[in-house]
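J.: Sharing a structure, written as structure tokens. Questions coming.
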Amino acid sequence: IGVGLVGFGLFFILFGMLLYFDSVLLAFGNILFLSGLVFIIGFKRTFTFFFQRPKMKGTSFFFGGVLVVLMRWPLLGMLLEAYGFITLFR
């Protein structure tokens, strides 16, 4: 289930970017991606991964980007998410 949710999340994010940053598809993709991540590695491990002290900057940018996309500012939100993603997985 988790791999499917992550796959659909990435598909919706890619499709939302191809359709000139459609905010509904991007928001749906973000929600599916995060819920799939929780299904794959579990809630506790997901929480401890995102909220480690050295990764707080990346976490704040990533979740801030998700929040900005949900508030229908897709271009700015995706830029914030991309920077947070790069910072998290560096």
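The values are calculated or read from the model by the stated rules, or taken from the named source; none is laboratory data. As the structure is a computational prediction, the values presented were derived from the model and not from experiment. We place every Cβ from the backbone using ideal geometry, glycine too, and count neighbours over all the protein chains shown. SASA here: full protein model, heavy atoms, side chains in, ligands and nucleic acids out. Shrake-Rupley method; radii C 1.70, N 1.55, O 1.52, S 1.80 Å.
J.: Considering the stretch 29-57 alone, what residues qualify as being of a type in the set (A, V, I, L, M) and either open to solvent by 80 Å² or more (accessible area, probe 1.4 Å) or not in a helix (DSSP H, G or I) (or both)?
T.: From the stretch 29-57, those of a type in the set (A, V, I, L, M) are 31-32, 34, 37-38, 40-41, 56; that's our starting set.
Correct list: Ile31, Ile40, Met56.
Table: residues versus (1) closer than 16 Å to Leu79 by Cα; (2) in contact with a Leu (Cβ under 9 Å, 6 or more places away or on another chain).
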{"site": "Ser23", "(1), (2)": "yes, yes"}
{"site": "Ile40", "(1), (2)": "no, yes"}
{"site": "Arg45", "(1), (2)": "no, no"}
{"site": "Phe61", "(1), (2)": "yes, yes"}
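J.: Listed residues Leu26, Leu10; which is open to solvent by less than 40 Å² (accessible area, probe 1.4 Å), touching a helix residue (DSSP H, G or I) at 6+ places or on another chain (Cβ under 8 Å) and assigned to a helix (DSSP H, G or I)?
T.: On the way: Leu10 fails: open to solvent by less than 40 Å² (accessible area, probe 1.4 Å).
Result: Leu26 is the single residue among Leu26, Leu10 that is open to solvent by less than 40 Å² (accessible area, probe 1.4 Å), touching a helix residue (DSSP H, G or I) at 6+ places or on another chain (Cβ under 8 Å) and assigned to a helix (DSSP H, G or I).
J.: When the residues of the stretch 62-82 are filtered to those that are among the hydrophobic types (A, V, I, L, M, F, W, C) and outside any helix (DSSP H, G or I), which remaining residue is surrounded by the most Cβ atoms within 10 Å (Cβ to Cβ)?
T.: Step one: filter the stretch 62-82 for residues among the hydrophobic types (A, V, I, L, M, F, W, C), giving 62-63, 66-71, 73, 75-76, 78-80, 82.
Those left that are additionally outside any helix (DSSP H, G or I): 71, 73.
On the way: Met71: 12, Trp73: 16.
The selected residue is Trp73.
J.: For the stretch 46-54, check the following and say yes or no: at least one residue is out of contact with any helix residue (DSSP H, G or I) (no Cβ under 8 Å at 6 or more places or on another chain) and on the phi > 0 side of the Ramachandran plot.
T.: no
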